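Participant: Okay, here's the structure, questions in a sec.
Quick note: the coordinates plus some simple rules give every number you see, no bench work behind them. The model shown is predicted, which means the values in this text are computed figures rather than measured ones. Using ideal geometry, Cβ is built from the backbone for each residue, glycine included, and neighbour counts are taken over all protein chains shown.
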Ligand SMILES: [Zn+2]
């Protein structure tokens, strides 16, 4: 849903709407694909995430119109534990 290239679902990262402690909706990564509720899929790369953010694709795909923070997905993708991360080493 970021760059709109076609890909098999198994190659994509599922994300869902979670909620933070202060009640703000957030986009949460769901690498197992098991979280309930509406989900969206994107390539597990920082590039695809950035495109999705710029296109406001998370809000559209997840049907959240305001105040949606996708930071947890960005942090997940940029973290060294994500083998497909394209972030430069620290
Ligand atoms: Zn993509």
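Participant: How long are the three semi-axes of the equivalent ellipsoid of segment 9-78, in whole Å, if each is the root of 5 times an eigenvalue of the C-alpha gyration tensor, listed from largest down?
Facilitator: Values for segment 9-78, descending: 17, 14, 11 Å.
Participant: Same structure again: Given Cα pairs under 8 Å that are at least 6 residues apart, what percent is the relative contact order of segment 9-78?
Facilitator: Averaging sequence separation for qualifying contacts and normalising by length gives 36 percent for segment 9-78.
Participant: Order of 43, 22 from fewest to most other C-beta atoms within 10 Å?
Facilitator: If I rank by nearby Cβ atoms, fewest first, I get 22, 43.
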